[in-house]
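Structure, as structure tokens:
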Amino acid sequence: MTVVNLVRGFVRRPGRTAAEAAALVIAVVVAFPLYWMVLGAFRPAGEIESGRPRPWTLAPSLDSFRRVFGQQEFGRYFVNSLVVAGSVVVVSGLVAFLAATAVTRFRFRFRTTLLIMFLVAQMVPVEALAIPLFFQLRNLGLLNTLGSLILPHIAFSLPFAIWMLRGFVKGVPEALEEAAYIDGASRVRFLWQILFPLVLPGLVATSVFSFISAWNDFLFAKSFIISDTSQSTLPMALLVFFKPDDPDWGGVMAASTVMTVPVLVFFVLVQRRLVSGLAGAVKE
Amino acid sequence: MTPTGVGAAVPSRVRVRRGLSRPRGGSRKYDAAPRPFGGAGWHPWLYLAPALVILGGLLLYPIYQLGLISVFRYTQAQVSGGEPTAFVGVDNYADVFGDEQFWSVLLATVLFAAACVVSTLAVGCALAVLLTRVRALPRLVLMLAALGAWATPAVTGSTVWLFLFDPDFGPVNRVLGLGDHSWTYGRYSAFLLVLLEVVWCSFPFVMVTVYAGIRAVPSEVLEAAALDGASPWRVWRSVLAPMLRPVLTVVTIQSVIWDFKVFTQIYVMTGGGGIAGQNLVLNVYAYQQAFASSQYGLGAAIGVVTLLVLLAVTLVYLRLLRRQGEEL
Amino acid sequence: MKLPVPAFLVAALFLAACAPQTSTNSASDKDDRHGTLRVWLFQEVGNEPKQKVVDSVVAGFEKAHQGTRVDVEYIPVDTRAQRVKAAFNDPGSAPDVMEYGNTDTAGYVHDGGLLDVTREFGAWPAAKDTDPTAKQSVTVAGKVYGAPFYVGVRALYYRTDVFRELGLKPPATLAEVASTARRIRAARPDLYGLVVGGAYTYGAMPFIWADGGELATAVGGSYTSAIDSAAARKGIKQYTSLFGDDNCPAAKCAGFGGNDTVTAFAAGKAGMAIGGDFSHAAVEAGAVKGKYAVVPLPGVTAGSIAPAFAGGNNIGVLKSTTHRTLAVRLMEELTSKKTQASMFDAMGFLPTFTDVREQVAAKEPFVKPFVATLAAGARFVPASAGWSAIDSSLVLPTMFQEVISGKKDVAGASEEAAKKMDSAFGAAG
């Protein structure tokens, strides 16, 4: 965009300043509970319960974070969580991309049935599936390994990822595909060098989703990592602070803060992909 | 660039040509109208194979087991081999349907989920459009705030919201001058509070997805609309929404599925279902009646019912879409 | 459009002959005298002192039993339900010895997970000093399934400064508790008199028991609810009458659980609260530090103590263990008098042996009212697997809240609760 364009855009869109102000106000509102969480993590012991809800703290303390980081094998849990969430993102992204291409670019028998099946899979309460899954994983010999977390998470994020990518694959004009073949591109080349970059924004949105759901999961970690704590994940470090009679809110807030940061880092890493998306690619 | 999958796809290309010249029975109907990429008999299955293996083994088979469990007396004692399993036919279902509380919970769940879905979609779409109208910095700020909300573990998010609205310790009542008004005592105000939290943690997904979808719309189209002086609502209604329909369909269906199954928010914020169970929703009900005390047979029956209700809702929605000319 | 799911169900019905998967968790016949023993203990928030005590017990045990290794793992309390179920399902992952909450005893026994150690417990010299209530918490249908590890019990916390200011004395009867609470509230409207909770079942139970009521009565091996008996109703009425603008407004207090009441007291928002010995740290960290004292919750007559619920944890041996003798011995070591005494010093856990408890009470005046409450006879929940269903489906909180919010009267709500309890007891067999 040239300078002239920029100026013209600004004059033609006087609403933009208002829009930006609105965006910032909304951001503040949305972030306020997060701020309260981080604040809770820094509050000295007893202040959360003190009955004076000040939006700041006079004596910030790192005690809660010390309790979080001081836990047995905290670093180990962190790495395990990264491995699980990372594998889930990569594998489910690639597998879903292929499957989404299949159901969008081909017409074949059972296509609709299959699509519905993908949805059905997510409609069952996870609690209800924990027992059958437990036996399945035991038969596969995966209990107590990170694999027992990675595989079910892939399975649970796939249907959603396929559905979502389907929308994005569909958005790529067929003319583009024809043009690619006329230019002599092979199917494989089209698939990976043309289609893949075009649906990348969708893939990024999907990966954020599967990253967060794998990263924050308690249920599978509680149910399938039974005897080997070295295979535990980060949320277990958070659960320690939930004591039935005396929950440690400072610890909960600090552990949650620690858990949220990597997601934000992950997002900042991928968000440029989200922004520079199809629009530029199609124009070329 | 050598992504995974290339190795598998190359030989298939050769075979597909052969497949095209001698189409198999099942796919002939479709081959009559060849498309640039489509029409190959088993080619799509090759692309689908990894997904099908994973889903078949880890989702469909367990769901089959779930159906099986729902017709057995199956508690922890049976699971761990303390007592033999016993076939009970539809007894578990009779128990579920015979409990009058189940029906009122089901109704509350449907209404609550519908309210959550509508609010989440409205907020998410509005903010996605807003994102396209601002420059990079405010966009990043809003995105990060939203991502933070999304990434917060549900149990923490619920706890923080509860703190914020606490009659004694929360800042919200102070700011609004509500004194020590309790948000969780009344049935509707408790549902409203939970709804706010649900929208807070689930609108980012809609926003990011729809924003990604808008980014995929050629910018010329949007610029043309903007130059014509169309209002944001107009642009959304006549340009974006139709182009985004596949994405919106997914987002809607997903929101329905998640909001129908909401658990943590209700469980944490209303103390396990509200005063005398007034804020129970289906998943919390299933947990309290069945899973917490390991009555898996009963829980599986509720799970199957949940599945059927959601399936019905989804199919109706898809049929409506189809009537509007949108096909799957 | 095809519907795959009904097809699945139909198939499932046809295939009903093949039952869902189960595990074979029969008691192991093996009794190895060497090898590794796996132990699961609960992970506390400040776990190091606990770990130190356990480490020294383990070191002594390994020294005494050559060729034995003990592998201790600390699991978050919040994950225990899934972990323990999984351990019952997959003996390969199961520990030999584990700590568990005493209200879970009957459920775990029903699931076939715990080993019957009646013989060994009877032969254990220390067992004779075990507090009868603690022993009741490891006993199901006359058989013993573990050894008590520590007990937790609740008593009445009150604000010394507020009492002095208003010229009040600690209440001597339950009726006085209510009248004192109202006087506090009348004089200091910013405070709850006695902070109570509609979901605070364990805080409400003493009222039912003090009036001579029972949760359920055992007939033969099975239980029948007694929550709708006249005596129990009197207790329910007495407890629910504390909810109101003259003490603890229903709009706020109906939803409170035990933890909320302690938080309110710690923040200086209440004149009195029913809190546990385990709440001590939370209250000390709050605004009322140095301005409170604890007495036993009084009973109906002056000088009596209302029976309190005896919470706490036990240590048991899993049925699937392949080291029966060693595992039972380790259980005894972990719950020995010496271990319990050092555990009190490290973590403040109240010992389950009456003599050890008296010794620690002499050392630490704070625990005196709690020890007195236990000595007066604490009570336990019905030892039926049905109790976990009653607990998790919130039968009693629902009953209290129905009365508090005016949706039902005491008779109607307790009748409904009794019906639900009976069906849970019946289902548990």
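Coordinate-derived values only; no laboratory data. What you see is a predicted model, and the numbers here were worked out from it, not measured in a lab. Backbone-built Cβ (ideal geometry, glycine too); neighbour counts: all protein chains shown.
Remarks
- Kirkwood hydrodynamic radius over Cα pairs of the range A:79-179, then Stokes diffusion coefficient at 4 °C and 1.567 mPa s, in µm²/s: 85
- Taking all C-alpha pairs of the protein assembly as shown, those more than 49 Å from each other amount to 28 percent.
- Span from the the range C:381-395 Cα centroid across to the the range B:191-216 one, whole angstrom: 39
- Based on Cα atoms of the range B:104-323, Rg over Rh with Rh as the Kirkwood radius reads 1.02.
- Gyration tensor verdict on the range B:174-304 (Cα atoms; rounded if a/c is under 1.5, prolate if a/b is larger than b/c, oblate otherwise): oblate
- Two tests apply to each whole DSSP H helix in chain A, Cα reach of 24 Å or more along its axis and mean Kyte-Doolittle hydropathy of at least 0.5, and the ones passing both are A:15-42, A:74-105, A:147-171, A:249-275.
- GNM flexibility winner over chain A from A:Leu198, A:Leu115, A:Leu82 (Cα, springs under 10 Å): A:Leu115
- Relative contact order [Cα under 8 Å, 6+ residues apart], chain C, whole percent: 24
- Packing-based exposure ordering (other Cβ within 10 Å, fewest first) of A:Met236, A:Met253: A:Met236, A:Met253
- Based on alpha carbons, the Rg and Dmax found for the range A:73-283 are 19.8, 70 Å.
- Rounded if a/c under 1.5, otherwise prolate or oblate - the range B:55-107, Cα gyration tensor axes: oblate
- Cα centroid separation, the range B:282-299 to the range B:83-158 (Å): 19
- Principal-axis tilt of helix C:48-64 within chain C, Cα atoms, nearest 10 degrees: 40
- The range C:181-238: relative contact order as a whole-number percent, Cα under 8 Å and 6+ apart: 26
- Gyration tensor (alpha-carbon) shape descriptor, the range A:55-102, a/c threshold 1.5: oblate
- Above-threshold pairs, the threshold being 31 Å between Cα atoms, out of A:Lys170/A:Lys222; C:Lys319/C:Lys368; C:Lys128/C:Lys368; C:Lys50/C:Lys252; A:Lys222/C:Lys289: A:Lys170/A:Lys222; C:Lys319/C:Lys368; C:Lys50/C:Lys252; A:Lys222/C:Lys289
- For the range A:97-256, averaging the sequence separation of C-alpha pairs within contact (under 8 Å, six or more residues apart) and dividing by the residue count gives a relative contact order of 28 percent.
- Proximal aspartates and glutamates relative to C:Lys63, as straight alpha-carbon distance under 16 Å, when same-chain residues fewer than 8 apart are discounted: C:Asp55, C:Asp71, C:Glu332, C:Glu333
- If only the Cβ of Lys and Arg carry +1 and only the Cβ of Asp and Glu carry -1, the dipole of the range B:76-180 around its Cα centre is close to 1100 debye.
- A straight line joining the Cα centroids of the range C:220-280 and the range A:201-274 runs 35 Å.
- Proxy reagent accessibility, fewest Cβ within 10 Å first, across A:Ser148, C:Ser304: C:Ser304, A:Ser148
- Three semi-axes describe the equivalent ellipsoid of chain C; taken as square roots of 5 times the Cα gyration tensor eigenvalues and ordered largest first, they are 38, 30, 19 Å.
- Per residue of C:383-395, other chain Cβ atoms within 10 Å of the residue Cβ number 4 on average.
- GNM top mover of C:Ser137, C:Ser23, C:Ser222 - chain C, alpha-carbon springs below 10 Å: C:Ser23
- Of B:Val256, B:Val221, B:Val268, the residue with the greatest mean-square motion in the GNM of chain B, using alpha carbon springs below 10 Å, is B:Val221.
- Between helix C:337-347 and chain C there is an angle of about 60 degrees, using the helix long axis and the longest principal axis of the Cα atoms.
- A:Val89, C:Val360, C:Val371 arranged by Cβ crowding within 10 Å, fewest neighbours leading: C:Val360, C:Val371, A:Val89
- Each Lys and Arg Cβ is given +1 and each Asp and Glu Cβ -1; about its Cα centre, the protein assembly as shown then shows a dipole of about 3640 debye.
- Helix C:410-428 axis, angle to chain C major axis (alpha carbon atoms, nearest 10°): 10
- With 10 Å bins from 0: P(r) over the range B:201-242, alpha-carbon pairs, percent: 28, 51, 20, 2
- The calculated P(r) of the range B:117-227, using every Cα pair and 10 Å bins from 0, goes 13, 34, 30, 15, 7, 1 in percent.
- Percent of beta bridges antiparallel (DSSP, chain C, rounded to nearest 5): 65
- Two tests apply to each whole DSSP H helix in chain B, Cα reach of 24 Å or more along its axis and mean Kyte-Doolittle hydropathy of at least -1.0, and the ones passing both are B:100-132, B:187-216, B:296-323.
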